[in-house]
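All remarks here apply to the structure that follows.
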Amino acid sequence: MSRSLALFATLSCALACAVAAPAKRPFTGVVTLELVREQSTGPYGAYRFKLEVPGYGSYPGHAAARGRQMAIHFALTDQSTKDYGTGIAEFSHQGGKWSFRKYYYEPEYKGGNFGIERCVKR
C-alpha cells in the first residue's frame, strides 16, 4: 500500500512515549498534524504540528513530509526551559491505523536530550 501522508488534512493521535534519555520522564500526550494545502505538492506535505502533554505544556511547531517520512520542529511555549528540538518520523499504516515512530534531538534542554516516541492514530 503506497498511501501518502498528504492524503490527510488532519491527523490526530494519542501518543505514548518511550524516552531514551533521563532528561524527561515517560509521558503521554496528543499530537495533531494539520496539512497546509497551499504549501503542499505531490508527495510533499507541509504541516502545522502540535504536541500537548499534561504536566509539561504545549509544543507547537511545523513539519515537512515526503511520502512516509517527516521532519518535525517543535518548541515548548515556555521558552525559558529551552525545551525545543527537531525530529525525524517514519509513518506506517497497519491494521487500518496510521502510526509513527519519531527520534528527536533537543540541543539545549537540560544540557542536551534525545528520545524516541511512538504515536498511534486514535
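The values are calculated or read from the model by the stated rules, or taken from the named source; none is laboratory data. Nothing here was measured: the structure is a model prediction, and the numbers come from that model. Positions of Cβ are backbone-derived with ideal geometry, glycine not excepted, and every protein chain shown enters the neighbour counts.
In region 14-29, the residue that is modelled with the highest pLDDT out of those that are part of a strand (DSSP E or B) and out of contact with any Leu (no Cβ under 8 Å at 6 or more places or on another chain) is ALA14. Within region 63-85, the set of residues being in contact with a Phe, Trp or Tyr (Cβ under 6 Å, 6 or more places away or on another chain), under 18 Å from TYR44 (Cβ atoms) and either surrounded by fewer than 16 Cβ atoms within 10 Å (Cβ to Cβ) or of a type in the set (Gly, Ala, Ser) (or both) comprises ALA63, ARG66. Of the residues making up region 30-43, just one is part of a strand (DSSP E or B) and more than 14 Å from the chain's Cα centre (by Cα), namely THR41.
Of the residues in region 113-122, at least one is farther than 16 Å from LYS50 by Cα, touching a residue at least 40 places away in the same chain (Cβ under 8 Å) and of a type in the set (Val, Ile, Thr). Elements of the type strands (runs of 3 or more DSSP E) sitting completely within region 44-115 and holding at least 3 residues that are over 17 Å from GLU34 (Cα atoms): these cover 84-94, 97-106.
Each residue in region 32-90 was checked for being of a type in the set (Ser, Thr, Tyr), within 16 Å of GLY115 (Cα to Cα) and modelled with pLDDT under 90, and 1 pass.
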